[in-house]
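I have placed the structure first, in the form of structure tokens, so that the comments after it can refer back to it.
The values are calculated or read from the model by the stated rules, or taken from the named source; none is laboratory data. Source: prediction; values computed, not measured. Virtual Cβ from ideal backbone geometry, glycine too; neighbours counted across all protein chains shown. Each accessible area value is taken on the protein alone, full model and side chains, heavy atoms only, with ligands, DNA and RNA left out. Shrake-Rupley method; radii C 1.70, N 1.55, O 1.52, S 1.80 Å.
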Amino acid sequence: MRCYANQLPNELKKGMQPFYLVFGEEPFQVAQCAQQIRHTAKQQGFDEVIKFTLMPGFDWQELIAQYQSMSLFSARTLIELDLNFQKPGTVGSQTFKQLVELNNPDTLLIITGAKASQDIQRSAWFKALDKFGIFVPCYPLTGNHLSRWLDEQCQRLQINMQNDAKRTLIEATEGNLLACFQELEKLSLLHGTATIDQQQVLQGLLNQAKFDIFDLTDALLQGNSRQAIKVLNKLAGDNTEAVSILWAITKEANLLLTLQLGLQQGEPLASLFKQKAIWKNQQGPIQQALSRLSIATLEQITQLLAQFDASYKQGNLVKPYQALAHICLVFCQPLAFPLPAHPLN
């Protein structure tokens, strides 16, 4: 059953489903939806959480074993599988259909991934899971949808913001939901339920170091390695969350890869810009990056980002910012050595 991201909280109140398919091009929404499912599941006794990320050599039998096994720590278990921008393949497809047949009432499965295209939604494994679960598509938000999302977040955080202040925040964050939400959280702490005007929003934006993340992505699009490392050093010095930086780089890499694939299929760049709601002030830097980065290079970058994400979650990165610097340099020029990490003890 299809359920849009803004409908999910009400749907969860009706009861939990055995399978959740959370797919989309908007990573903040995907993460937020997964967190909502996780929170509701915990309230209903799904205390143990097991996380998997689809990587080369992934053991699908381990997923089946965990789905079937009795938890040592909890009566009920939540399993999360990140498809890591990949398709499950033949073995994975068979595994998903097998899980539907097993249907363990003491285990929930959340599957997250990139945009679920029509060919994915028509696949047998997707239909099997969707029949007994919920599909949550997460789309990039623009226009009225973005304004409605902002209104919902203000209501959730009990923020009273004037309309011109909302417009300023939307324009400043340019559709970056993570940056927008983080700014809302800060405004909530500073002003509580008092009315927030445009000047207060502007002042917060000027003082907020996290918007240097946009400086980082600008440098990456331009291929300016010196500037990228300079900004990254500042972000590290300001203790900016590594996952926030990862999100920003991943967003740009996925966008560029989608555009390159579209160009390869003969779609006009202007049409692709319109489809992806890319603002005019960003079209020049993106064209510059497209002329420099091939599909193969962008695929290498997305693989490095996925490796960073998995290693960071497992705690086996030597130094997260050093690994991010490595990825930034690959964005600007090829590197022949691997991501710095060490095995778990």
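With Gln288, Gln282 as the choices, which residue is in a helix (DSSP H, G or I) and loosely packed, with under 14 Cβ neighbours inside 10 Å?
Among Gln288, Gln282, only Gln288 is in a helix (DSSP H, G or I) and loosely packed, with under 14 Cβ neighbours inside 10 Å.
Name the residue that is nearest to Gln303 (Cα to Cα), counting only residues in the range 96-113 that are part of a helix (DSSP H, G or I) and of a type in the set (A, V, I, L, M, F, W, C).
Applying the filter and picking the extreme gives Phe96.
Quickly run through the range 38-81 and pick out the residues that are in contact (Cβ under 8 Å) with a residue 40 or more places away in the chain and either assigned to a strand (DSSP E or B) or within 18 Å of the chain's Cα centre (by Cα) (or both).
Arg38, Lys51, Thr53, Met55, Leu78, Glu80
Here are the criteria: (1) closer than 28 Å to Phe308 by Cα; (2) in contact with a Phe, Trp or Tyr (Cβ under 9 Å, 6 or more places away or on another chain); (3) surrounded by 14 or more Cβ atoms within 10 Å (Cβ to Cβ). Tell me which single one Asn233 does not satisfy.
(3)
Can you pull out every residue in the range 170-200 that is in contact with a strand residue (DSSP E or B) (Cβ under 8 Å, 6 or more places away or on another chain) and open to solvent by less than 20 Å² (accessible area, probe 1.4 Å)?
Leu187, Ile196, listed by residue number.
Any idea which of Leu177, Leu189, Leu206 is closer than 30 Å to Gln288 by Cα and at pLDDT 85 or above?
None of the others qualify; the one that does is Leu177.
Tell me the residue from Thr142, Thr217 that is among the hydroxyl-bearing types (Ser, Thr, Tyr) and touching a helix residue (DSSP H, G or I) at 6+ places or on another chain (Cβ under 6 Å), please.
The match here is Thr217.
Farther than 24 Å from Pro140 by Cβ, open to solvent by less than 50 Å² (accessible area, probe 1.4 Å) and part of a helix (DSSP H, G or I): does that describe Ala296?
When the stated conditions are applied, Ala296 does not pass them.
Show the residue pairs meeting these rules: Cβ distance below 8 Å; 6+ apart or different chains; first residue within the range 148-160 and in contact (Cβ under 8 Å) with a residue 12 or more places away in the chain; second residue of a type in the set (A, V, I, L, M, F, W, C) and in a loop (DSSP other than H, G, I, E, B).
Trp149/Leu141; Gln153/Ile159; Asn160/Ala194
Within the range 114-164, work out how many residues are modelled with pLDDT of 90 or more, open to solvent by less than 50 Å² (accessible area, probe 1.4 Å) and not in a helix (DSSP H, G or I).
Final tally of qualifying residues: 9.
Tell me, which residue of the range 54-73 that is open to solvent by less than 40 Å² (accessible area, probe 1.4 Å) and modelled with pLDDT under 90 is nearest to Leu304 (Cα to Cα)?
Leu54
Is one or more of the residues making up the range 7-14 within 20 Å of the chain's Cα centre (by Cα), open to solvent by less than 60 Å² (accessible area, probe 1.4 Å) and under 20 Å from Ala116 (Cβ atoms)?
yes
If Thr240 satisfies all but one of (1) among the polar types (S, T, N, Q); (2) assigned to a helix (DSSP H, G or I); (3) modelled with pLDDT under 85, what's the number of the condition it fails?
Thr240 satisfies every listed condition except (2).
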